[in-house]
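Visitor: Take this structure, written in structure tokens, and hold onto it; I'll ask about it next.
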Amino acid sequence: MDKIFRVNMTDLTTKIEEVPAAWAGLGGRGLTSTIVAAEVPPTCHALSAENKLVFAPGLLTGTAAANSGRLSAGAKSPLTGGIKESNAGGTAAQMLAKLGIKAIIIEGAPKTGAWYNLAVSANGVTINEEKELLGLGNFAVIDAVEARLGKKTGVLTIGPAGELKMTAANISVKDPDSKIRSHGRGGLGAVMGSKQIKFISIDSEGAKAVTIADPEKFKTAARAFSKALLDHPVSGEGLPTYGTNVLVNILNEAGGLPTKNFTTGQFEAHDKISGETMYDTIVARGGKHKHGCHAGCIIQCSQVYHDSEGKYVTSGFEYETIWGLGADCCVENLDDIARADNLMDDIGIDSIETAVMFGVAMEAGILPFGDGKGIIRLLTEEIAKGTALGRVLGGGAASVGRTYGVTRVPVVKNQGIPAYDPRSVKGIGITYATSTMGADHTSGYTIATNILNVGGYVDPLKKDGQVELSRNLQIATAAVDSTGMCIFVAFPALDIPECLPALIDMINARFGIALTGDDVTNLGKYILKTEREFNQKAGLTNVHDRLPDFFKTEPVAPHNAVWDFTDEEIDEFWNF
Amino acid sequence: MKITLKLFATFRNGRFKVAEQELAEGTDVRQVVLSLGLTEEEIGIVMLNGRHGELDSKLSHGDTLSLFPLVGGG
Ligand code: SF4
């Protein structure tokens with residue numbers, strides 16, 4: 001039977017607990033949000049001993065199901081002040097699942113200034129004082145942990161940003177190449193830093209195959225599921241070739257590519273930072289245009305980007321990062337953006353929040369628009385070193401806006417708005433406004449239907465149908481985020497009828513249960529409502545389900561679109 | 001009439017990124033697609049002057065037509 005590993009950082013004790021019956025059917029986001037809602041006082045300070053940091057693999061993680069190796073991390077967010085779940089690839093989730101660990105709950109905080117590492121194994125967790133690796137970047141931590149404990153060791157780590165408790169700090173997860181994937185959003189790295197944990201190692205010695213109640217049924221369903229992923233043109237061909245960055249040119253054509261701190265919807269130099277150009281560059285320099293963030297990913301949207309000498313610069317080079325430093329900061333040099341991406345991974349800071357922040361910093365006059373080298377300098381000289389300016393920048397877009405008196409600050413619930421302008425792609429605006437996570441495109445990716453013609457088509461420039469579209473997607477996403485699946489399985493799931501039933505059949509075969517499609521929808525609804533209730537108790541109400549005013553008053557070119565939803569129309573979202 | 005035709009992702013292979021095209025009045029998107037040696041099924045997104053278009057959309061002088069295969073990200 002799976003277990004809960006509980007770590008108390010106040011008295012430095014650990015326990016192995018049975019899984020309460022109410023949590024048995026949950027995994028991933030469903031489980032982290034349930035635990036945070038049950039055990040964390042909503043009004044607590046997110047960096048206090050009262051907050052808890054929870055890690056949970058998904059319901060299908062550790063099985064042979066394609067793309068099921070994602071790990072959820074949850075806590076109260078120091079950035080949004082609400083509940084947070086952030087999921088990432090890497091090797092940790094599958095190791096935890098195979099060790100029979102349903103969740104790790106880290107609570108309390110040390111009473112002294114000492115720092116620690118946690119060592120997770122089949123026997124439980126040990127808490128060890130850590131001195132040597134303090135202050136180091138994430139790549140150096142991963143190398144050192146591998147040297148200390150062996151190449152196969154799983155690693156969750158924070159960089160200088162997390163140690164300094166910056167609200168844009170993330171948690172890095174070692175990937176199969178000993179590089180990095182991130183629990184990026186919401187400042188969870190600062191929560192880990194507040195518990196004074198530099199890294200968590202995972203020893204998979206004694207890991208067993210995950211038990212499957214009905215192996216035959218599982219195999220059939222897994223095959224049908226993989227087939228759907230490979231058959232769909234987006235997951236089967238588009239993502240492996242161009243990665244997520246294919247979106248630069250699409251959003252630019254659609255006039256929804258936020259540019260120069262959200263002052264216009266198209267970027268003149270779009271072609272230089274596009275997925276097409278990136279693909280050609282990667283191929284010419286001997287990098288990899290397809291790459292998986294965990295074993296078992298058959299979509300492989302990730303890539304390895306080399307410099308002009310053919311040396312590694314970065315991997316997992318995503319559209320949102322490239323959009324943010326590219327169009328939103330007007331940086332035209334993809335090599336500068338790649339270098340900054342690698343630095344952000346090393347420092348341990350969310351690349352979306354930080355990219356949006358730099359757009360605001362440029363508007364504030366801290367550096368000029370287009371200054372890619374300036375971004376690299378501020379990352380290394382200020383943020384990584386934790387200078388006073390670095391801490392303001394490391395607090396994210398809202399922090400810089402507040403400090404420098406900028407009014408055009410694209411955030412919801414303090415979290416930076418990514419990559420898709422809500423004035424010209426209105427469905428995603430509803431997601432930004434209403435998501436329990438703060439502005440988060442992944443929580444209800446209406447771009448699929450607004451822009452990409454996946455799951456039908458809803459005109460991005462009109463209000464009709466957007467609230468319903470966002471609601472349906474947010475409910476489905478909350479459920480998918482509980483399975484351990486990468487959210488890109490949504491593309492085939494929206495178009496290929498066999499895909500979703502195969503996913504549900506795999507869950508049923510794994511646990512010997514009989515969930516229906518309605519049960520899965522109800523799970524999604526339950527998760528959203530649980531998260532919303534936490535937020536309301538924390539003081540985030542419908543008044544916070546709003547976009548910043550400038551979206552209403554500043555039309556965005558080329559469509560001269562404004563954000564024109566009334567408060568009542570937005571609040572309709574929660575009628576389910 | 002003259003239009004600007006932009007191709008993206010795999011559609012560029014062996015073709016071009018952007019070209020001016022001289023077309024007969026009344027030409028629709030489908031005819032342009034077929035003239036490129038592409039099939040209707042290969043078309044993911046049609047954008048006409050920055051808005052979603054259809055294969056049946058008629059083109060006018062000065063239009064910008066952008067064609068994408070079915071791709072996505074996030
Ligand atoms: S498709 Fe991309 S994000 Fe999803 S599991 Fe694969 S590499 Fe990771």
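The values are calculated or read from the model by the stated rules, or taken from the named source; none is laboratory data. Quick caveat, the model's predicted, so the values are computed rather than measured. All Cβ positions, even for glycine, are placed from backbone atoms using ideal geometry, and neighbour counts span all protein chains on display. Calculation scope for accessible area: heavy atoms of the full protein, side chains included, ligands and nucleic acids excluded. Shrake-Rupley method; radii C 1.70, N 1.55, O 1.52, S 1.80 Å.
Visitor: With Kirkwood's inverse mean 1/r over C-alpha pairs for Rh, give me the Rg to Rh ratio of chain A, two decimals please. Before the final figure, lay out each step's value.
Guide: On the way: Rg = 21.7 Å, Rh = 23.2 Å.
Ratio value, two decimals: 0.93.
Visitor: Roll a 1.4 Å probe over the protein chains and send me the accessible area per residue for the stretch A:3-202 in Å².
Guide: Numbers: 5610 Å² over 200 residues.
On a per-residue basis, 28 Å².
Visitor: Could you work out the per residue convex hull volume over the alpha carbons of the stretch A:250-420, in cubic angstrom?
Guide: Details: hull volume 20.1 nm³, N = 171.
Taking the convex hull of the Cα positions in the stretch A:250-420, it is 117 Å³ per residue.
Visitor: Moving on. Where does the charge balance sit around A:PHE225 when Lys and Arg score +1, Asp and Glu -1, over other residues with C-beta under 10 Å from its C-beta? Could the numbers behind the result be given before it?
Guide: Working: positive: A:ARG223, A:LYS227; negative: A:GLU498, A:ASP505.
In short, 0.
Visitor: Given N residues in the stretch A:409-505, what is Rg(Cα) / (2.2 N^0.38 Å)?
Guide: Taking the Cα Rg and dividing by 2.2 N^0.38 Å, one obtains 1.05.
Visitor: Let me ask you something else. Along the positive direction of the dipole of the stretch A:22-126 (beta-carbon charges: Lys, Arg +1; Asp, Glu -1; about the Cα centre), which of A:GLY25, A:SER48, A:GLY89 reaches farthest?
Guide: Toward the positive end, the furthest listed residue is A:GLY89.
Visitor: Same structure again: Charges only on Cβ, +1 for Lys and Arg, -1 for Asp and Glu: so what's the dipole of the stretch B:2-69 about the Cα centre, in debye to the nearest 20? Could you put the intermediate results ahead of the total?
Guide: Values: 8 positive and 10 negative charges, 68 e Å.
For this selection, approximately 320 debye.
Visitor: While we're here: Does anything in the stretch B:4-30 have its amide N under 15 Å from the 7 Å Cα→Cβ label point of B:THR64, and if so which residues?
Guide: Backbone N within reach: B:4-8, B:17-21.
Visitor: Suppose all protein chains stay in the model; what accessible area per residue would a 1.4 Å probe give for the stretch A:242-358, in Å²? Intermediate results must be reported in sequence, preceding the final value.
Guide: Working: 3030 Å² over 117 residues.
About 26 Å² of surface per residue is accessible.
Visitor: Am I reading the B/A interface right? What is its buried accessible area, both sides, 1.4 Å probe, to the nearest 100 Å²? Mind dumping the intermediate values first?
Guide: Values: alone 4520 and 19670 Å², together 22110 Å².
Looking at B and A, the buried total is near 2100 Å².
Visitor: Given axes a ≥ b ≥ c from the Cα gyration tensor, I'd like to know whether the stretch A:22-77 is rounded (a/c under 1.5), prolate (a/b larger than b/c) or oblate. Provide the component values of the computation, followed by the final result.
Guide: On the way: a/c = 4.10, a/b = 2.24, b/c = 1.83.
Judged from the Cα gyration tensor, the stretch A:22-77 comes out prolate (a/c at least 1.5, a/b above b/c).
Visitor: In addition: Once you list every other residue whose beta carbon is under 13 Å from the beta carbon of A:PHE491, what net charge do they have if Lys and Arg are +1 and Asp and Glu are -1? Present the calculation step by step, with values, prior to reporting the outcome.
Guide: Details: positive: none; negative: A:ASP231, A:GLU237, A:ASP495.
Once positives and negatives cancel, what remains is -3.
Visitor: Need one number: the % of Cα-Cα pairs in the stretch A:445-576 sitting beyond the 23 Å mark.
Guide: 44 percent
Visitor: Here's something else I'd like to know. Compute the semi-axes of the equivalent ellipsoid of the stretch A:123-249, taking the square root of 5 times each eigenvalue of the Cα gyration tensor, and list them largest first in whole Å.
Guide: Working: eigenvalues 217, 105, 36 Å².
Taking √(5λ) for each Cα gyration eigenvalue gives 33, 23, 13 Å.
Visitor: Find how much the distance from A:PHE576 to A:LEU134 grows on full extension, using 0.36 nm per residue of separation minus their present alpha carbon separation; answer in nm with one decimal.
Guide: Difference between extended and current length: 154.4 nm.
Visitor: Follow-up. Suppose every K and R has +1 on its Cβ and every D and E has -1 on its Cβ; what is the size of the dipole of the stretch A:250-420 about the Cα centre, in Debye to the nearest 20?
Guide: Working: 14 positive and 22 negative charges, 84 e Å.
Result for the stretch A:250-420 is approximately 400 debye, rounded to the nearest 20.
Visitor: Okay, next question. Over what distance in Å are the Cα centres of the stretch B:1-71 and the stretch A:205-255 separated?
Guide: When both Cα centres are located, 29 Å separates them.
Visitor: Skipping prolines and chain starts, which residues have an amide H placed within reach, meaning under 5 Å, of the one on A:ASN67, given they are 5 or more residues away or on another chain?
Guide: A:CYS297, A:ILE298
Visitor: Compute the distribution of all C-alpha to C-alpha distances in the stretch B:2-69, in bins of 5 Å from 0, and list the percent of pairs in each, rounded to whole numbers.
Guide: Spelled out bin by bin, the stretch B:2-69 gives 4, 17, 35, 30, 13, 2 percent.
Visitor: How much of the accessible area of the protein assembly as shown, in percent, comes from carbon and sulfur atoms when a 1.4 Å probe is used? Let's see the in-between values first.
Guide: Values: 11320 of 22110 Å².
Here it works out to 51 percent.
Visitor: Which parts of the stretch A:247-265, residue by residue, lose 50 Å² or more of accessible area when the rest of the protein chains are there, as against the chain isolated (1.4 Å probe)?
Guide: A:ILE250, A:GLU253
Visitor: If contacts are Cα pairs under 8 angstrom and at least 6 residues apart, what is the relative contact order of chain A in percent?
Guide: Working: 1436 pairs, mean separation 94.4, N = 576.
Here the relative contact order equals 16 percent.
Visitor: Per residue, how much space in cubic angstrom lies within the convex hull of the C-alpha atoms of the stretch A:530-576?
Guide: Working: hull volume 4.4 nm³, N = 47.
Expressed per residue, the convex hull around the Cα atoms of the stretch A:530-576 is 94 Å³.
Visitor: Return the tail of the calculated pair distribution for the stretch A:325-376, meaning the percent of Cα-Cα pairs more than 12 Å apart. Let's see the in-between values first.
Guide: On the way: 767 of 1326 pairs.
Roughly 58 percent, once rounded to a whole number.
Visitor: Quick one: which bits of the stretch B:28-51 get at least 40 Å² less accessible when the partner protein chains are in, versus the chain alone, with a 1.4 Å probe?
Guide: B:ILE45, B:MET47, B:GLY50, B:ARG51
Visitor: Return the sequence-ordered ³J(HN,Hα) values of the stretch A:192-205 in whole Hz as given by the Karplus equation 6.51 cos²θ - 1.76 cosθ + 1.60 applied to θ = phi - 60°, using x for Gly and Pro.
Guide: 5, x, 5, 8, 6, 10, 7, 8, 10, 9, 10, 9, 8, 3
Visitor: Okay, next question. Sort out for me the Cα centre separation of the stretch A:507-576 from the stretch A:40-65, rounded to whole Å.
Guide: Between the Cα centres of the stretch A:507-576 and the stretch A:40-65 lies a distance of 20 Å.
Visitor: Got a sec? Charge dipole of the protein assembly as shown, +1 on Cβ for Lys and Arg, -1 for Asp and Glu; which of A:PRO215, A:ASN560, A:ASN117 is way out at the positive end?
Guide: A:ASN117
Visitor: What number, in percent, do you get for the relative contact order of the stretch B:2-69 if the mean sequence gap of Cα pairs under 8 Å and at least 6 apart is divided by its residue count? Please list the in-between numbers first.
Guide: Numbers: 117 pairs, mean separation 31.5, N = 68.
Taking the mean separation of contacting Cα pairs over the length of the stretch B:2-69, I get 46 percent.
Visitor: What percent does the relative contact order of the stretch A:470-550 come to when contacts are Cα pairs within less than 8 Å and at least six residues apart?
Guide: Numbers: 36 pairs, mean separation 28.9, N = 81.
Answer for the stretch A:470-550 is 36 percent.
Visitor: Now, a different point. From the phi of every residue in the stretch A:37-50, what ³J(HN,Hα) in whole Hz does the Karplus formula 6.51 cos²θ - 1.76 cosθ + 1.60 yield, where θ is phi - 60° and glycine or proline is x?
Guide: Values per residue, Gly and Pro as x: 5, 7, 10, 9, x, x, 8, 5, 6, 5, 9, 9, 4, 6 Hz.
Visitor: Under 5 Å between amide H atoms, partner at least 5 residues away or on a different chain: which partners does A:GLN415 have, H built in plane at 1.01 Å?
Guide: Under 5 Å from the amide H of A:GLN415: A:ALA439.
Visitor: Under 5 Å between amide hydrogens, which residues at least 5 positions from A:GLY124 or on another chain qualify, with H placed 1.01 Å from N in the peptide plane?
Guide: none
Visitor: Among A:VAL313, A:VAL406, A:ASN128, flag the residue with its Cα farthest along the positive direction of the charge dipole of the protein assembly as shown, charges on Cβ as +1 for Lys/Arg and -1 for Asp/Glu.
Guide: Checked the options; the winner is A:ASN128.
Visitor: Okay, helix-only estimate at 222 nm for chain A: each DSSP H run of n ≥ 4 adds -39500 (n - 2.57), divide by all residues, round to 500 deg cm²/dmol; what do you get? Working shown, then result.
Guide: Details: 23 runs with 211 residues, N = 576.
Result for chain A, helices only: -10500 deg cm²/dmol.
Visitor: If you don't mind, there's one more thing I want to ask. My understanding is that a pair violates if its Cα-Cα distance is over 27 Å; which of A:LYS151/A:LYS311; A:LYS179/B:LYS17; A:LYS76/A:LYS151; A:LYS179/B:LYS6 do that in this structure?
Guide: On the way: A:LYS151/A:LYS311 22 Å; A:LYS179/B:LYS17 34 Å; A:LYS76/A:LYS151 33 Å; A:LYS179/B:LYS6 37 Å.
Beyond 27 Å: A:LYS179/B:LYS17; A:LYS76/A:LYS151; A:LYS179/B:LYS6.
Visitor: Based on the mean of other Cβ atoms within 10 Å per residue, sort peptides A:240-249, A:429-438 so the most packed one is first.
Guide: Values: A:240-249: 25.7, A:429-438: 27.7.
Going by the mean number of other Cβ atoms within 10 Å, highest first, we get A:429-438, A:240-249.
Visitor: To continue, here is another question. B:PHE8: accessible area at probe 1.4 Å, nearest 10 Å²?
Guide: 0 Å²
Visitor: With Rg and the Kirkwood Rh both taken from Cα atoms, where does Rg over Rh land for the stretch A:3-202?
Guide: On the way: Rg = 15.0 Å, Rh = 16.3 Å.
A ratio of 0.92.
Visitor: Only Lys, Arg, Asp and Glu count, each charged at its Cβ (+1, +1, -1, -1), so figure out the dipole size of chain A about its Cα centre, rounded to 20 debye.
Guide: Numbers: 53 positive and 66 negative charges, 274 e Å.
For chain A, the charge dipole is close to 1320 debye.
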